[in-house]
Amino acid sequence: MIFGRLFDFLKVSAHQVARKRMRVFLTALGIAIGVAAVIGTVSLGEGVRYQAVEAIKEQSDLTLIEATADIRGGAIQFITPSKIDELAAVQHVEASSAVVREAYTTKRQTYLEVVGIDPGGIEGVIRPKFLRGENLEPGSRQAVLGHDVAETLQRYEGVRFGDTIPILIRRYDDDGMPVDEEVQFTLVGVLQERDDAFDQVMLIDRRVAQDLRGDEAAFDGVLIRVDQPEEVFSVVDDVKALGLTAKGAFQQIESVNQLMDVVVLILAFFAGVSLIVGVLMIVNTMVTSVFERTREIGITMAIGASPADVVYLILAECFYIGLIGGVFGNLLGIAFTGAINTFGKPFIIAQLGDTFSTFAEGDITLITPEILAIGMVIAIALSLVSGLYPALKAAHLNPVTAIRTGV
Amino acid sequence: METIIETKHLGKAYNDRVTALADVNFVIRKGEFVALLGRSGSGKSTLLHILGGLDAPTSGEVWINGKSIDFSDRKALIALRRESIGFIFQSFNLIPALTARENIEYPLLFNYHDRVARRERATDLLSLVGLGDRAHHYPREMSGGEQQRVAIARALIGDPLIVLADEPTGNLDSKTRDEIFSLMRQVNQEQETTFLIVTHERELGRRADRAIELLDGRVVS
Ligand SMILES: Nc1ncnc2c1ncn2[C@@H]1O[C@H](COP(=O)(O)OP(=O)(O)OP(=O)(O)O)[C@@H](O)[C@H]1O
Ligand SMILES: [Mg+2]
């Protein structure tokens, strides 16, 4: 019965709207332009976001993340053997390996960032491609160098593949005086360039690192390989749920998203200002329409309509204005983004520079079904809100005076 | 015959100065066809609006079908209009955006009826008022007389006890006026619907069962 009435009201209002096609269309166009502006700017923002994220995915090792100790409410969550097991059991973790992080200096004072990791972990988690040589042998004082650090050592210290790297490890004696112990590592492998942090890292066996630190159970983090890029954020959430911190290339995506959220919001806000014009147009049209139909509304009440019925009849007309506005807004918005892609893209790429050269391949705007649905909802919701004042005005008409109004 | 409308000391004043109705007392019985006569400004429309629950009196009572009307109860007034009253006005009665048949069905939008039954009833009424072939015509495509016939059909669709008509023939030529008048008389006799019809013209008044005449807001005969 409710639907029956809704249908009846929509039908009557469709007749009313059809009678004033031109006026309704022009009014709807006002809201349509606002919707198109919002769609255009939001889709541009979303497009840039998408392209930036794709660029990050392409240029970095996204599925590699590292879980590290975290401070929660003053208490440190250490990497313990049980945490390591729990991390390994997280869904979509393909491989994981506990690591020790150290900072060593060579005898000639070159600073080295060191990661102690099981050779199996290097293979399963870091997945290295060797420029030279091969993986570490378990338990031995061997080193694999990242691409950049290998270059640095060769240039400044003349260390070549197969050479030993003399390293000074600072210890403190019983009196608290620093004593440097010299340790030799054999360079057994050099990695290809990866464009990530491992280019700067010297990899050594975990047990050797723990040994040199003098603490068998010291872990600084767990490197994790996620099985597919789509699952990275779910694994990150699970890591956080274990009370640990997660680091990795995904953080760049997070910061792009945060930035783009703000950018899109601000763009949409300014575009949304044009919606106010559309709202005012609807209010104006509907107030005029109610005024013109004063007598008709009086008669409608005389033959049994309640004030609420009158409100629904007017709102149903506004619903159509919103519907038309939404459809045309979406079409205009699509056309608008098409124009941005054709004429605006070369300019934007030139401004962003090389990092975003991948932009050239795809569209710089992104229209999703959600954006179009939101455009539709905005148009209809604003039309209904705009219709509220005229509808209440109509419902408050005194039927007697309305009927006495000559036509 | 049972009483269907009764007014007791009915009065209506505007701003304590203009007195539209003063101490109006009369009784109309079920099935009567009554003419309401009076000069312009004598209070005929005001009386009709009060009887139909559109306007409230400033004094006195209205009884319809044995019940006193509570003019402060908006819901009851709406129910009265939906269930017991059919209104016909002088002109521009119809909704321009709707066809003849949709206009006739229009009151039932607010007093929901089964759609199929509603349509059948509207079609029957169109034939009754002699416009069986004009169902899909819009008001602007019909003559004044035809529009009034549609208005009569619309007033009848809710099976009202009473039809209140405010100068339904006021804008028509004399021949059409006779036809419309006869049509209402026919409905009155066939369906025993009570009619109260405002008119300027005494000769039409003579063709009614009886006439009530107002002068300056008072019943004079
Ligand atoms: N809103 C109002 N404020 C003040 N006076 C009013 C108002 N409405 C009606 N009146 C007065 O009430 C009196 C009765 O008016 P009403 O319309 O009922 O007369 P009527 O008999 O229907 O006249 P007509 O034949 O011209 O239609 C008139 O004097 C009119 O001026
Ligand atoms: Mg009058």
Using a Förster distance of 41 Å, how high is the FRET efficiency between A:Thr368 and B:Val27, based on the Cβ-Cβ distance and rounded to 0.05?
0.05
Excluding B:Arg210 itself, what net charge comes from residues whose Cβ is under 12 Å from its Cβ, given Lys and Arg +1 and Asp and Glu -1?
0
What net charge do the residues around B:Lys8 carry, taking every other residue with its C-beta under 15 Å from that of B:Lys8, with Lys and Arg at +1 and Asp and Glu at -1?
-1
Which trypsin sites (Lys or Arg not before Pro) in the range A:93-201 pass both tests, a DSSP loop state and at most 12 other beta-carbon atoms within 10 Å?
A:Arg108, A:Lys129, A:Arg160
Could you name the aspartates and glutamates whose alpha carbon sits less than 18 Å from that of B:Lys175, not counting residues in the same chain fewer than 8 places away?
B:Glu146, B:Glu167, B:Glu201, B:Glu203
Residue by residue through the range A:388-399, the couplings from Karplus 6.51 cos²θ - 1.76 cosθ + 1.60 with θ = phi - 60°, in Hz, x for Gly and Pro, are 4, 5, x, 5, 5, 4, 5, 5, 8, 4, 7, x
More than 21 angstrom apart: percent of Cα pairs within the range B:1-73:
23 percent
Calculate the length of the line joining the C-alpha centroid of the range B:72-151 to that of the range A:195-254, in whole Å.
78 Å
Could you work out the mean projected area of the convex hull around the alpha carbons of the range A:257-318, in square nanometres to one decimal?
5.7 nm²
Which whole-Hz couplings ³J(HN,Hα) result when phi for each residue of the range B:31-48 is put into the Karplus expression 6.51 cos²θ - 1.76 cosθ + 1.60, θ = phi - 60°, listed in order with x for Gly and Pro?
x, 6, 10, 10, 9, 10, 9, x, 5, 4, x, 7, x, 5, 5, 4, 4, 4
Electrostatic dipole magnitude of the protein assembly as shown [Cβ: Lys, Arg +1; Asp, Glu -1; Cα centre; debye, to 20]:
4560 debye
With the alpha-carbon atoms as the only input, what is the per residue convex hull volume for the range A:240-396 in Å³?
173 Å³
Rg over Rh, two decimals, the range A:165-228 (C-alpha only, Kirkwood Rh):
1.05
Around A:Ala402, what is the net charge, scoring Lys/Arg as +1 and Asp/Glu as -1 over all other residues with Cβ under 15 Å from its Cβ?
0
Most positive-pole-ward Cα, A:Ala305, A:Leu384, A:Gly120, against dipole of chain A from beta carbon charges
A:Ala305
For B:Asp55, enumerate residues with amide H under 5 Å from its amide H, sequence gap 5+ or separate chain, H modeled in the peptide plane.
B:Ile50
Averaging over every viewing direction, what projected area does the convex hull of the Cα atoms of the range A:168-304 cover, in nm²?
20.1 nm²
Take the Cα gyration tensor of chain A, multiply each eigenvalue by 5, square-root it, and list the three semi-axes largest first, rounded to whole angstrom.
70, 23, 16
Indicate, rounded to the nearest 5 percent, the antiparallel portion of the DSSP beta bridges found entirely in the range B:64-221.
25 percent
Within chain B: Cβ-based charge dipole about Cα centre, in debye rounded to nearest 20 (Lys, Arg +1; Asp, Glu -1)
200 debye
With unit charges on the beta carbon (Lys/Arg positive, Asp/Glu negative), name the residue among B:Thr19, A:Val283, B:Val163 whose Cα is farthest towards the positive pole of the charge dipole of the protein assembly as shown.
B:Thr19
At q = 0.16, 0.17 Å⁻¹, what log₁₀ I(q)/I(0) does the range A:18-165 have when each alpha carbon counts as one equal point scatterer in the Debye sum?
-1.09, -1.15
Between A:Ser140 and A:Arg19, with labels modelled 7 Å along Cα→Cβ, what's the label distance in nm to one decimal, could you check?
9.5 nm
Which whole number in µm²/s is D for the range A:64-248 by Stokes-Einstein, with the Kirkwood Rh taken over Cα pairs at 10 °C and 1.306 mPa s?
92 µm²/s
Report, in deg cm²/dmol and to the nearest 500, the calculated mean residue ellipticity at 222 nm for chain B, where each DSSP H run with n ≥ 4 adds -39500 (n - 2.57) and the sum is divided by the residue count.
-10000 deg cm²/dmol
Counting only chymotrypsin sites (Phe, Trp or Tyr not before Pro) that sit in a DSSP loop (anything but H, G, I, E, B) with at most 15 other Cβ atoms within 10 Å, what is the longest stretch of chain A containing none of them?
A:162-407
Over all Cα pairs of the range A:132-195, the Kirkwood radius sets Rh, and Rg/Rh then becomes 1.09
What does the structure give for A:289-301 when I average, per residue, the other chain Cβ atoms found within 10 Å of the residue Cβ?
3
Based on the Cα atoms of the range A:22-88, what semi-axes does the equivalent ellipsoid have, where each is the square root of 5 times one gyration tensor eigenvalue, given in whole Å with the largest first?
51, 18, 9
Equivalent-ellipsoid semi-axes of the range B:88-159, from the Cα gyration tensor, Å, largest first
18, 12, 11
DSSP-defined antiparallel bridges as percent of all bridges, the protein assembly as shown, nearest 5
70 percent
Between A:Ala350 and A:Arg160, what FRET efficiency follows from the Cβ-Cβ distance if R0 is 51 Å, with the result rounded to 0.05?
0.75
Which residues does the label zone of A:Val53 cover in the range A:225-246, counting backbone N under 11 Å from a point 7 Å along Cα→Cβ?
A:230, A:233
Just list whichever of B:Lys8/B:Lys44; A:Lys393/B:Lys12; A:Lys83/A:Lys129; A:Lys393/B:Lys8; A:Lys57/A:Lys83 have alpha carbons separated by over 23 Å in the model shown.
A:Lys393/B:Lys12; A:Lys83/A:Lys129; A:Lys393/B:Lys8; A:Lys57/A:Lys83
To check my understanding: the extent here is largest minus smallest coordinate of the Cα atoms along each principal axis. What are those three numbers for chain B, in Å, largest first?
48, 39, 36
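Coordinate-derived values only; no laboratory data. Keep in mind the model is a prediction, meaning the values are calculated, not measured. No Cβ is skipped: glycine too gets one built from the backbone with ideal geometry, and neighbour counts run over all protein chains shown.
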